Amino acid sequence: MTENQTKVAIIDLYNNAPNQGMRCIKEIVETHSKKVLDTALSYHVYETRYKNELPNYRDYDIYIASGGPGSPFDGEGLDWEKNFFNLIDRLWNHNQQSYEQKKHIFFICHSFQMMCRFFEFAEVIKRKSTSFGIFPMHKMNGGEDDSIIGGLPEPYYAVDSRDWQAIQPNEKNLQQVGAKVISIEKDRPHVDLERALMAIRVSDEFFGTQFHPEADPVGMTVYFQQEEKRKQIIENYGEEKYNNMIDRLDDPDKIILTHSTIIPNFLTNAILALKQEEVLA
């Protein structure tokens, strides 16, 4: 980190598949530049899953790992997964050294599930059906006061898009590193299935969500206009629920609020922490 610039590495796990996520992440970083202590944010995108591109853990101050299609086990045995897990390991171990500036990382959906595999925080399994749409998320375990999600309403709304899920938290492994599950999905009493873990505060610097906090109305409109997605939602939740989701796109208290809160709060916290460490050094 230089005096007026913070370097951000964006880790692209979309495997060259069409998506709105990368556009949203880049726009959030660009929009947030110079908003905190006049600190400019510069970023570089690494196509990790598609080209096995990974940043050096020492070269950046902040890391954002994206969502992506398919199974969070797709990379087993492949170099890109080994290198991605090695990056997480190096960042985590680096942060245990109190004499150096910490590294901050945010995990989204696919990378969140991989993070859960890496730390063995939960069981990561395939869902019985795809979850896609705008759904309520509920806070727990201090999530109400968390610096990233605490200011959101209860429940808050976010875009959920996944065929896999992290469930059944391993309390022993969570406690070992001081991590907390601070958000879970909506309770559905009529469905005999365990609720998925939707946000984990791993440490002051490590944070992840199983939903897509970067999603915006523009991107979701693109998805909702796809006939396949429309049929999928109606088959799984009914036409009324589909129409409700459409109505929520422009609701300032739903995904617009989540989009403008979660990753921006993460970036703000990271910049302030880095500046504080710089002063102390």
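For this structure, a couple of remarks:
- Segment 125-146 - residue that is closer than 14 Å to Thr209 by Cα and not basic (Lys, Arg) and, of those, surrounded by the most Cβ atoms within 10 Å (Cβ to Cβ): Met137
Table: residues versus (1) over 20 Å from Asn265 (Cβ atoms); (2) assigned to a helix (DSSP H, G or I); (3) modelled with pLDDT under 95.
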position	(1), (2), (3)
Pro153	no, no, no
Ala158	no, no, no
Trp164	yes, no, no
Asn173	yes, yes, no
Ser183	no, no, no
Val191	yes, no, yes
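- Condition check for Arg162: surrounded by 13 or more Cβ atoms within 10 Å (Cβ to Cβ) and either in contact with a strand residue (DSSP E or B) (Cβ under 9 Å, 6 or more places away or on another chain) or more than 15 Å from Gly133 (Cβ to Cβ) (or both): yes
- Looking only at residues of segment 24-36 that are farther than 11 Å from Leu267 by Cα and either buried (at least 18 other Cβ atoms within 10 Å of the Cβ) or at pLDDT below 95 (or both), we find that the one that is farthest from the chain's Cα centre (by Cα) is Cys24.
- For the residues Asp59, Asp79, Asp74, Asp38, the requirement of being closer than 18 Å to His104 by Cβ and charged (D, E, K, R) singles out Asp59.
- Residues in segment 1-60 that are of a type in the set (D, E, K, R), out of contact with any Gly (no Cβ under 8 Å at 6 or more places or on another chain) and farther than 23 Å from Thr221 by Cα: Glu3, Lys7, Lys34, Lys35, Asp38, Glu47, Lys51, Glu53, Arg58, Asp59.
The values are calculated or read from the model by the stated rules, or taken from the named source; none is laboratory data. As the structure is a computational prediction, the values presented were derived from the model and not from experiment. Note that we place each Cβ from the backbone using ideal geometry, even for glycine, and neighbour counts take in every protein chain shown.
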